[in-house]
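Read through the structure below, which is laid out as structure tokens, and then see the notes.
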Amino acid sequence: MSKKTQIAVALAVTLPLILEEPIAFGGLLASIVPDLSQMLIKRKSLTHSVIFLVLSTLLVAIINLNIAIVWCINYMLHIFLDCFTTEGVQFFYPSKKIYGVRIIESNKKDDVFIGICALAVIFIILIVGY
């Protein structure tokens, strides 16, 4: 999924938590951290695995538990959404097995549609409330 879609879905899902505890906004970074680290680590390997999810969440929990909750949710969402991309994910890295449905290409119409739906949810939450 594109970074825009990842961020939109993360915000749509965790916005109620962020509105209750604004410091949790920092947990939104988890929606793009797995892809940002691709410069150092092979894409969808270690950073898209349960190992990195747990380790990064524990590290953030040391700093702040509210941020860690939003971080964990958004990191899991990122991996879940990437399971639908044509590349899939190595969820149990170092195992080389790729998991996922593998039906959506990044920045194509399905990806954009998911992002637009997430934006609609964000606007509904902000206008109507949660």
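Nothing in this text is a laboratory measurement; each read-out follows from the coordinates by a stated rule. Small disclaimer: the values here were computed from a predicted structure and weren't measured. Positions of Cβ are generated from backbone atoms using ideal geometry, with glycine treated the same way; all protein chains shown enter the neighbour counts.
Placing +1 on the Cβ of every Lys and Arg and -1 on the Cβ of every Asp and Glu, with no other charges, gives the chain a dipole of roughly 480 debye about its Cα centre. Within the range 13-97, the trypsin sites (Lys or Arg not before Pro) that combine a DSSP coil assignment with at most 10 other C-beta atoms in a 10 angstrom radius are Lys96, Lys97.
Each of Gly115, Gln90, Asn64 was placed along the dipole of the range 63-130 (beta-carbon charges, centred on the mean Cα), and the one lying farthest toward the positive end is Gln90. Stretching Lys109 away from Ala61 to a fully extended chain increases their span by 13.6 nm, per 0.36 nm per residue minus the current alpha-carbon distance. The calculated 222 nm mean residue ellipticity attributable to helices in the chain amounts to -18500 deg cm²/dmol, summing -39500 (n - 2.57) over DSSP H runs of n ≥ 4 and dividing by all residues. Test of understanding: in a Gaussian network model of the chain with alpha carbons linked when under 10 Å, which of Ala30, Ala61, Ala12 would top the mean-square fluctuation ranking? Looking only at Ala30, Ala61, Ala12, the biggest GNM fluctuation is shown by Ala61. Of all the options Phe80, Phe91, Phe113, the one that moves most in a Gaussian network model of the chain with Cα springs shorter than 10 angstrom is Phe113. Find how many whole Å separate the alpha carbon centroid of the range 104-123 from the alpha carbon centroid of the range 20-85. Distance between centres, Cα-based: 20 Å. Take every pair of alpha-carbon atoms less than 8 Å apart whose residues are at least six positions apart; their mean separation over the length of the chain yields a relative contact order of 33 percent. Highest mobility in the GNM of the chain, judged by mean-square fluctuation with C-alpha springs under 10 Å and restricted to Cys72, Cys117, Cys83, is found for Cys117. Only Lys, Arg, Asp and Glu carry charge here, each on its Cβ (+1 for the first two, -1 for the last two); on that basis the range 1-62 has a dipole of about 400 debye about its Cα centre.
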